[in-house]
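Structure, as structure tokens:
Just so it is clear, none of the values below were taken in a lab; they were calculated from the coordinates. What you see is a predicted model; the values in this text were computed from it and never measured. Note that we place each Cβ from the backbone using ideal geometry, even for glycine, and neighbour counts take in every protein chain shown.
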Amino acid sequence: MIIGVTGRIASGKGVLSDFLQGKGFQYMRLSSFLYEEADRLGISKNRESMQALGNKLRRDEGNEILAKLIVKKIKQNNLSKIIIDSIRNPSEVKYLKENLKDFKLISFDAPQKLRFERMLERNKINDPKTWDEFLKADEKDFGVGESESGQGVGKCMEMADYKLLNDSSLGEVQREIEEIYNELEDNKSNVDNFTKVKIKKLHPDAILPRYSKEGDAGMDVYAITKKSHDNFIEYGTGLSLEIPKGHVCLIFPRSSVSNKKLSLANSVGILDSGYRGELIFRFYKHGNLEYDVGDRVGQFVVIPFPEVKIEEVHELSDSDRGEGGFGSTGK
């Protein structure tokens, strides 16, 4: 799990960092690369000079440069439980979301006067010392009057997956943080239980399968071609699937087929893990009511299956049903 944190000055971001480090997370910050560069250049490390250095680096190397550097470090060292601090530009958020699996961003905010009081209480060396200095730094940090390569905490906060308003007690914000953490842990467990199916588009107009509603078992499949024959129709999906080994893809009609004069030719169809051809739905025609190109023509369910081994025996065990077959259990 990789969690990013952004937010306004003295809004309580450190509470999240402390909580996650207590859970075994490694603390990293984008500004660490700026401190290294400041050492190399021999410049001051106060708030203004570090912001100016960050703005220059983004302007010269691309707005996502700091995020790119930290992603490289994470992947090279195969790190997995990370908290990333000092996220100040929306391009950094975009790059982290696109290049780190399961990255989530949490933002912090609090009333301005409360943040000023907290800032004075924490008494960091680089913090503003007066109300006017605080207002000026707060606006700049938020992105007021800044270029695209400048500070942009406000836009980063808009992109957050979770937003915390830290206007109460320490215990309350810690409780909210723990709730978010537990939710992320639950979601991670659910994601780990997903079955991944690789799909290749054979046609640029192909539409990827999707669930119609949350909790559905079958994913709807769309037709992009239609070929009519004497007594059947073939709908091409423009998709080729790679079903993982140990799984099978079962092909079903949708319930809407009851409103058509069609029946799926090989219902239930089976797509084995070794098949790499196009997924095609063939229906027998019983009239003139048909699906059109662009319609959802079927659905599939991917499930695991056990490998079956055949054992020949002379006798089978007894059962209550015995040899009772068609209709043996009544109407």
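Rounded to the nearest 500, what is the 222 nm mean residue ellipticity of the chain from helices alone, with -39500 (n - 2.57) per DSSP H run of 4+ residues and division by all residues? Don't skip to the answer; put the middle values down first.
Working: 9 runs with 110 residues, N = 331.
That comes out to -10500 deg cm²/dmol.
Seen against the Cα atoms of the chain and their longest principal axis, helix 112-122 is set at about 70 degrees. With the alpha-carbon atoms of the chain aligned to their principal axes, the span from lowest to highest coordinate is 88, 50, 37 Å, starting with the largest. For the Cα trace of segment 122-201, dividing Rg by the Kirkwood Rh returns an Rg/Rh value of 1.16.
Bridging of Lys200 to lysines at a Cα separation below 25 Å is possible for Lys97, Lys101, Lys213, Lys226, Lys227, Lys245, once same-chain residues fewer than 8 apart are set aside.
Starting from the eigenvalues of the Cα gyration tensor, five times each then square-rooted, give me the equivalent ellipsoid semi-axes of segment 260-327, largest first, whole Å. Mind dumping the intermediate values first?
Working: eigenvalues 272, 84, 19 Å².
Ellipsoid half-lengths, sorted descending, are 37, 21, 10 Å.
Between Glu172 and Leu79, the FRET efficiency estimated from the beta carbon spacing at R0 = 22 angstrom works out to 0.10.
Mean sequence separation of contacting Cα pairs (under 8 Å, at least six apart), scaled by the length of the chain, corresponds to a relative contact order of 15 percent.
In this Cβ point-charge picture (+1 for Lys and Arg, -1 for Asp and Glu), segment 130-224 has a dipole of about 900 debye about its Cα centre.
Axis of helix 65-76 versus longest Cα principal axis of the chain: the two differ by about 60°, to the nearest ten degrees. For the charge dipole of segment 263-331, defined by +1 on Lys and Arg C-beta atoms and -1 on Asp and Glu C-beta atoms about the Cα centroid, which residue among Leu279, Gly324, Val302 has the Cα displaced farthest towards the positive pole? Farthest along the dipole direction, towards plus: Leu279. If the Kirkwood radius is taken over C-alpha pairs of segment 198-304, then at 4 °C and 1.567 mPa s the Stokes-Einstein diffusion coefficient equals 92 µm²/s. Compute the acute angle (0 to 90°) between the alpha-carbon long axis of helix 31-41 and the principal axis of greatest extent of the alpha-carbon atoms of the chain; round to the nearest 10°. On a 0 to 90 degree scale, this one is about 50. Restricting attention to the chain, close to 65% of DSSP beta bridges with both partner residues there are antiparallel.
Neighbour counting of Cβ atoms within 10 Å sorts the residues Glu311, Glu64, Glu179, fewest neighbours leading, into Glu311, Glu179, Glu64. Largest mean-square fluctuation among His229, His286, His314, in a Gaussian network model of the chain whose springs join Cα atoms under 10 Å apart, belongs to His314.
Put a plus charge on the Cβ of each Lys and Arg, a minus charge on the Cβ of each Asp and Glu, and nothing anywhere else: the dipole of the chain about its Cα centre is then about 900 debye.
What is the ratio of the Cα radius of gyration of segment 2-192 to 2.2 N^0.38 Å, where N is its residue count, to two decimals?
Numbers: Rg = 16.3 Å, N = 191, 2.2 N^0.38 = 16.2 Å.
Output field value: 1.01.
Taken along its three principal axes, the alpha carbon spread of segment 24-112 comes to 39, 35, 26 Å, from the longest extent down to the shortest.
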